[in-house]
Amino acid sequence: MPADTDAGGKAVVLVSGGLDSATVLALAAATGARCHALTFDYGQRHRVELDAARRVTQAQRAADHRVVRLDIGWMGGSALTDMAIPVPQVPSAGIPVTYVPARNTVFLSIALGWAEVLGASDIYIGANAMDYSGYPDCRPEFIQVFERLANLATRAGVEGRGFHVHAPLMQLRKHEIIREGSRLGVDYSLTISCYDPDSSGRACGRCDSCRLRAQGFAEAGVADPTRYRR
């Protein structure tokens, strides 16, 4: 955990309802911060994650949880927002089709605005450069540059109060994330990571995210609580 976290202060935490963001919420809370959780209804096909986000934030007793409707799905360009683009069932090279154009930039920008209003110095995101290869907005360079922007483009930054953008999972493998979350008491049965779940929230078991999740639980030696439809 970064040493410059404002322990006991307020933090805005991006919570999608997935395994990573549930872990990040627990890590932020462990610093003593009052966690204000932020979830986006952005036109994603895996909308059951919105229910998972509510479950996670309630279980972890976040100080506040806002679900913001922000439809960026109209522009298409991603299998997560365009129903005409199938979710891949096998690994692919390069930037995957599940990449949503500029998603983390948009999400962090809104988190930044809310943090400034709340008087929060810390913003947390579950970006990970180890398992999610190919996502340009999950790289440490992106997080570093966005933090610089946050401190240049806001009143709080100009007046010297400043922001820190934390991505504590950035260099962790999935099994390491699961072990850390388990240590903190995260209930992973409340989460969903699947890109193509059915309407009852059962995971497909074949998409990239499902494969990484299942492998992570196996390597961590932790029972996988995921409900699969196969």
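The values are calculated or read from the model by the stated rules, or taken from the named source; none is laboratory data. Treat the numbers as computed from the prediction; the structure is a model and nothing was measured. All Cβ positions, even for glycine, are placed from backbone atoms using ideal geometry, and neighbour counts span all protein chains on display. Remember, those area values only see protein heavy atoms, side chains included, never the ligands or the DNA or RNA. Shrake-Rupley method; radii C 1.70, N 1.55, O 1.52, S 1.80 Å.
Values for this structure:
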{"read-out": "Kirkwood-type radius of the stretch 38-142, with distances r between different C-alpha atoms, in Å", "value": "15.3 Å"}
{"read-out": "DSSP beta bridge pairing in the chain, given as percent antiparallel to the nearest 5", "value": "0 percent"}
{"read-out": "Long-range HN-HN contacts of HIS166 with modeled amide H, under 5 Å", "value": "ILE123, TYR124, ILE125"}
{"read-out": "Mean Cβ neighbour count within 10 Å, used as a protection proxy, ranking 62-73, 162-173 highest first", "value": "162-173, 62-73"}
{"read-out": "Signed unit charges on C-beta, dipole axis of the chain, positive-most listed residue LEU152, SER92, GLY185", "value": "GLY185"}
{"read-out": "Values of log10 I(q)/I(0), in the order q = 0.14, 0.17 Å⁻¹, for the stretch 135-193 under a Debye, Cα-only, solvent-free model", "value": "-0.59, -0.74"}
{"read-out": "Gaussian network model of the chain, Cα within-10 Å springs - most flexible of LEU25, LEU118, LEU212", "value": "LEU118"}
{"read-out": "Relative contact order (%) - criterion: Cα under 8 Å, at least six apart; region: the stretch 89-197", "value": "27 percent"}
{"read-out": "Label-to-label distance, nm, for residues given as ARG155 and MET83 (7 Å Cα→Cβ offset)", "value": "4.3 nm"}
{"read-out": "Accessible surface ranking that places the most exposed of TRP114, TRP74 first, with a 1.4 angstrom probe", "value": "TRP74, TRP114"}
{"read-out": "Solvent exposure, largest accessible area first (probe 1.4 Å, DNA, RNA and ligands not counted), of SER92, SER78", "value": "SER92, SER78"}
{"read-out": "Student exercise, the chain dipole from Lys, Arg, Asp, Glu Cβ charges, in Debye to nearest 20", "value": "500 debye"}
{"read-out": "Helical mean residue ellipticity (222 nm; -39500 (n - 2.57) per DSSP H run of 4+; nearest 500) of the chain", "value": "-10500 deg cm²/dmol"}
{"read-out": "Projected-area mean, the chain, by convex hull of Cα positions, square nanometres", "value": "11.7 nm²"}
{"read-out": "Length-normalised contact order for the chain - Cα pairs under 8 Å, 6+ apart - percent", "value": "23 percent"}
